[in-house]
Amino acid sequence: MIKNNILPIVFFLVILLGLFGTAITQGKQIAWNVVKNNGDYRSDDTINSYAHSYIKAFESAVNDGVYLKNYYIDLFGLLQNVMGKDIIPSSGYTGTIVKGSDNKLYAASSVTTNDNEEYSIDDTKEYADALIELNSIVEAFGGELLYVQAPQKYHDGVTVPIPIDAQRLIVRKDAFLSQINEKVDFIDVTQKIVDENLDYDSMFFATDHHWTVDSAFWCYQEICEYLNANTNYHVDKKYYDANSWNKKVLKNAYLGSTGVRVGGYYVGRDDFSLITPKFDTDFERHYMSTRMVDHSGDFAHCVLTEYERFLDGDYNGLSWGVYTGSDTSTVRIENKKPDNDSRVLVVKDSFGLPVSAFMSTTCKDLVIYDLRYSHDCSLIEYIQQGRFDLVLFVYSPEALSTRFFSFE
Amino acid sequence: MLFSSNVFIFVFLPLALIVYYTLLRKTLYGRNIFLLVISLFFYAWGEPVYVLLMLFSLLVNYITGRVIGTGNRARKPALIVGIALNIAVLFVFKYLDFSITIIDSVFQAAIPLINLALPIGISFYTFQGVSYLIDIYRGEGTAQKSFLNVGLYISFFPQLIAGPIVRYSQIEYQLTHRTHSMVKFRRGVERFICGLAKKILLANNLALVADNAFLLLDKGELSVLMAWLGCIAYTLQIYYDFSGYSDMAIGLGLMFGFEIPENFNYPYISGTVSEFWRRWHMTLQGWFKDYVYIPLGGNRVVPVRHIFNLFFVWFLTGLWHGANWTFIVWGLMYFVLLVLEKWLHTEKWPKVISHIYSLLFVMLGWMIFRANTLYDGIQYIGSMFCLSGNKGVDYNALLYLKEYAFFFVFGLVVAVPIIKTINKKYTDKLWWYYTKTGLLIVVLIISISYMVTGSYNPFIYFNF
């Protein structure tokens, strides 16, 4: 009887495993997400809209929490690899993903032909003007402002099968930097990489749009050296000397923002570095605008998240947000063992997370400000009230948009 | 709720099967109540408010069906009222704005559009309701005294949203006397897996080629090769989208003991357009034949009337698919071809030539069908033959050919009855049983991997 009915038995077991596995492992999370997120799907206050919102929230929660989802995604990625596909079309979750000639993954917002739209330098002028004005406000109370233009993964040496968003960003970044030149202190990290003849490709993850932690640490060192050479803000060399830091490499541990969509068998997984100071540290981390729990402890246990679990080899949930937590509203990291009274404000997008973490060792107070989430008051008001010794912008080329430059 | 979704595969279906085969195993009446409840729940999942419209439709058909079933003088008025109400609901939600647009255009009026959202599956369940009433009136079925059975017939979730259109006479006995067996369940699982694979692996992927081709048409960048790739892709997409859904519906029906009629029979191997329509969406053609064409006289009338009957049926066939001139023109294209076939006796042509001609017109017809406007459809066809001054081959065409080669090849192979022939030849062989079982399990897991990853998942016939 079983021999004749292998297929229906296997079918039933597969869907049963999905049902009970999902319910047991993700049931509470699904229920929580439905309660918390149903408002995201509501367009008005009609009964129809309410019903739709709970249905969509449930579907979304189940889609996110399907039992063995990561294994299915790994299989999907393996199949794409076998079929030689370089374009993974968009889904309800992410945009189109393309594989470049460097075997790295890139995001494309849509699968289209070449668009001949050109950007004029006027497109970034308002952002440059806003930064110049902010710089004068900071200088007026004796502070320093440094704009760090983080690099982007894509560069002209890479071939991609379809146009991707990043190709346009290079033009805008160059235009913006030319507009703040000689008016605001800045570091063009891309140019630094070229000047120092570094291997550009190795500075980025294959499966994530961010630079590697090692690249962020190198940038932190460059920032400190620049500050020491060009501004009145000084950083003791012991804080950015590589010999003062430990590095633990988690091999094949990381699937980034584009990698999670295709699993570990499409372009493989990335190594991920956990860089922690050798010197003694003691911190408190405060989330200023939310009700999230505060943390305290040394760098590894306060400024990083879930450090011990990742060291044990459990890489589930390993994300770019390991350093200071994911992008969120204003975070303050208080150094309990400072050797100065400096107060630093880091205005950042996601590229600035590890840099912020490393910078927190150099000062008494470090505040991480993300214009997408921090809305208590305007950035200008916040800086004027805080009177920071250093205002550090760490922005990727993607941040050249209105929401990252609305300072008032 | 889509069949090819995580919620259906991992929540709705296993729970439904567990309850049906454990808690309710001893009572067919209990099982029918359960199926009606979950069918209405299934519909409400996608249409929380329009489930009330569905209930209204069930009630109308139940009441008028009871009156028709009494056999007294009220049966004909009841039939007319029942059909009129069914069609009226369909007209209001699907064709009212289209009619207003035509009136505004012809009479230079300014009647505002109503902008009612189209309830999912309304074309299908309306036709099932009309089928119920007519079959009772003709004595081909008995009016149900139980609202439960009427409700279950019309709203049974496997075929509620996109068919097959099940005639009442085909299902009446099964409502109260169907059997359940492991053999039936196994057949159901096989069909469901085949349908799931057709939909997720083939239709969804080929859709991306077709969609991109029409996007390029909008941008004025459609090359000849890309136009042909898009045409072939859409020809395969619509087949696998619809036949895949029908396979899943038939498979689910079998899992719950129902034998639902076939809807497709390898239509792309047809030698004539007439044969194509004996193989494509067979339940819709059967419905129009039995409830419109034959009552009008069919082909047993004078030639002029015969041509009118054909015209009317194909006009309605096009209109049924959507409130747009593209669908009407598409339907009337087949009217012209069918009349020409009868006149030219194409069934006597060499098979290769008649196959090529019929497949070509089917494919060109799909481009009219797919386009948003008639103009776009004609432009697209023009691009296929370089009539727009477009390039022959370009980078996009080669890119999509490379990216989707596997799906094109697999799609073309599965469109012909190779696997069916192999299955029939070796059905008694143990090695074939294990091979087929293993392949279906692999296909199931691969289909689920695509589904879980959240790949692109449109459903063409949901628009009807």
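The values are calculated or read from the model by the stated rules, or taken from the named source; none is laboratory data. Not measured: the values here are computed from a predicted model. Glycine gets a Cβ as well: all are built from the backbone with ideal geometry, and neighbour counts include every protein chain shown. Areas reflect the complete protein model, heavy atoms only, side chains present, ligands, DNA and RNA absent. Shrake-Rupley method; radii C 1.70, N 1.55, O 1.52, S 1.80 Å.
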*How far is helix A:6-37 tilted, in degrees, relative to the longest principal axis of the Cα atoms in chain A, given as a value from 0 to 90 rounded to the nearest 10?*
40 degrees
*Once you have the Cα-Cα distance between residue A:284 and residue A:183, take 0.36 nm times their residue separation minus that, and quote the gain in nm to one decimal.*
32.8 nm
*Do any chymotrypsin sites (Phe, Trp or Tyr not before Pro) in the range B:359-408 lie in a DSSP loop with no more than 12 other beta carbon atoms within 10 Å, and if so, which?*
B:385
*For chain A, what is the mean residue ellipticity at 222 nm derived from helices alone (per DSSP H run of n ≥ 4: -39500 (n - 2.57); sum divided by total residues; nearest 500 deg cm²/dmol)?*
-11500 deg cm²/dmol
_Computed log₁₀ I(q)/I(0) - Debye formula, equal Cα scatterers, no solvent, the range B:283-372, q 0.18, 0.21, 0.22 Å⁻¹_ = -0.88, -1.10, -1.15
*Just the number, please: carbon plus sulfur as a percent of the accessible area of the range B:1-132, 1.4 Å probe, no ligands or DNA/RNA counted.*
74 percent
*Once you have the Kirkwood Rh of the range B:85-233 from its Cα pairs, apply Stokes-Einstein at 10 °C and 1.306 mPa s and quote D in µm²/s.*
81 µm²/s
*Alpha carbons only, please: Rg and Dmax for the range B:353-436, in angstrom.*
18.9, 57
*Scan the range A:348-384 for chymotrypsin sites (Phe, Trp or Tyr not before Pro) in coil per DSSP, keeping those whose Cβ has at most 16 other Cβ atoms within 10 Å, and list them by number.*
A:373
*Inter-label distance for residue B:265 and residue A:101, nm, one decimal - labels placed 7 Å from Cα along Cα-to-Cβ*: 5.4 nm
*asked:* Test of understanding: what is the full-extension gain from residue A:32 to residue A:170, defined as 0.36 nm times their sequence separation minus their Cα-Cα distance?
replied: 45.6 nm
*What are the residues whose amide H is under 5 Å from the amide H of residue A:108, where those residues sit 5 or more places off or on another chain and H is modelled from the backbone?*
A:96, A:97, A:98
_Integer Hz, Karplus 6.51/-1.76/1.60 couplings in order for the range A:155-160, x for Gly and Pro_ = 9, 4, x, 9, 9, 10
_Accessible area (Å², 1.4 Å probe, nearest 10) - residue A:194_ = 90 Å²
*Under 19 Å from the Cα of residue B:145, which lysines turn up, not counting those fewer than eight places away in the same chain?*
B:76
*Give the Rg (one decimal place) followed by the Dmax (whole number) of the range B:1-158, computed from C-alpha coordinates and expressed in Å.*
18.6, 64
*asked:* Can you tell me the orientation of helix A:122-140 relative to chain A, as the angle in degrees between its alpha-carbon axis and the longest Cα principal axis, to the nearest 10?
replied: 50 degrees
_Shape parameters for chain A, alpha-carbon atoms, Rg then Dmax in Å_ = 23.2, 86
*Looking only at other chains, what is the average number of their beta-carbon atoms within 10 angstrom of each beta-carbon in A:62-75?*
4
*Put simply, what bits of the range B:10-45 lose 10 Å² or more of accessible area when the other protein chains are there, versus the chain on its own (1.4 Å probe)?*
B:10, B:11, B:13, B:14, B:15, B:17, B:18, B:45
*If you project the alpha carbons of the protein assembly as shown onto their three principal axes, what span does each projection cover, largest first, in Å?*
101, 66, 62
*Förster-model FRET efficiency, 45 Å R0, residue B:22 and residue B:299, C-beta, rounded to 0.05*: 0.30
*asked:* Show me the helices of chain B, taken as full DSSP H stretches, that run 24 Å or more along their long axis by Cα and average -1.0 or above in Kyte-Doolittle hydropathy.
replied: B:28-46, B:51-70, B:224-255, B:303-321, B:325-344, B:351-370, B:430-453
*Where only C-alpha atoms are counted, convex hull volume of the range A:323-408 per residue in Å³*: 83 Å³
*Counting only other chains, what is the mean number of Cβ atoms within 10 angstrom of the Cβ of each residue in peptide A:80-89?*
4
*What angle do you read, to the nearest 10 degrees and between 0 and 90, between the alpha-carbon axis of helix A:166-180 and the longest principal axis of chain A?*
10 degrees
*Tell me which lysines have Cα within less than 20 Å of residue A:173's Cα, excluding those fewer than 8 residues away on the same chain?*
A:125, A:153, A:183, A:192, A:348
*Efficiency by 1/(1 + (r/R0)^6): what FRET value for residue B:348 and residue B:182, r their Cβ-Cβ distance, R0 = 41 Å, to the nearest 0.05?*
0.30
*Provide B:1, B:282 ordered by accessible surface of protein heavy atoms (probe 1.4 Å), highest first.*
B:282, B:1
*On the first, second and third principal axes, largest extent first, how far apart are the outermost C-alpha atoms of the range A:316-370 in Å?*
36, 21, 14
*asked:* Helix-only estimate, please: 222 nm mean residue ellipticity of chain B, summing -39500 (n - 2.57) across DSSP H runs of length 4 or more and dividing by its residues, to the nearest 500.
replied: -21500 deg cm²/dmol
*How far is it, in nm, from the label point at residue B:416 to the one at residue B:274 when both lie 7 Å from their Cα along the line to the Cβ?*
2.4 nm
_Please report the antiparallel percentage of the DSSP beta bridges confined to chain A, to the nearest 5._
55 percent
*In nm, give the distance between the simple-model label positions of residue A:246 and residue B:100, each being 7 Å from the Cα along the Cα-to-Cβ direction.*
7.1 nm
*Residues of the range B:103-137 with amide nitrogen under 12 Å from the 7 Å Cα-to-Cβ point of residue B:316?*
B:127, B:130-131
_In range of the label at residue A:6: residues from the range B:184-218 whose backbone nitrogen is under 19 Å from the point 7 Å along Cα→Cβ_ = B:184-194
*Find the lysine pairs in the range B:177-305 meeting two conditions, Cα atoms under 29 Å apart and a separation of 8 or more places or different chains, and report how many there are.*
5
*Any chance you could check the range A:137-167 for residues losing 20 Å² or more of accessible area when the partner protein chains are in, compared with the chain on its own (1.4 Å probe)?*
A:161
*Rounded to a whole number of µm²/s, how large is the Stokes-Einstein D of the range A:133-253 at 10 °C and 1.306 mPa s, given Rh as the Kirkwood radius over C-alpha pairs?*
96 µm²/s
_Antiparallel bridges, percent of DSSP beta bridges restricted to the protein assembly as shown (to nearest 5)_ = 55 percent
*Quickly rank A:17-30, B:249-262, B:180-193 as a protection proxy: mean count of other C-beta atoms within 10 Å, highest first.*
B:249-262, B:180-193, A:17-30
*Is the range B:3-62 rounded, prolate or oblate when judged by the Cα gyration tensor, a ≥ b ≥ c being the square roots of its eigenvalues, rounded requiring a/c under 1.5 and prolate requiring a/b larger than b/c?*
oblate
*Does the range A:1-96 classify as rounded, prolate or oblate by the C-alpha gyration tensor (a ≥ b ≥ c root eigenvalues; a/c under 1.5 gives rounded; else a/b over b/c gives prolate, otherwise oblate)?*
oblate
*Report in % the part of the accessible area of chain A that belongs to carbon and sulfur, leaving out ligands and nucleic acids; probe 1.4 Å.*
48 percent
*Hey, could you get me the Stokes-Einstein D for the range A:211-307, Kirkwood radius over alpha-carbon pairs, 4 °C and 1.567 mPa s, rounded to whole µm² s⁻¹?*
81 µm²/s
_Which three extents, in angstrom, do the Cα atoms of chain B have along their principal axes, listed largest first?_
65, 64, 48
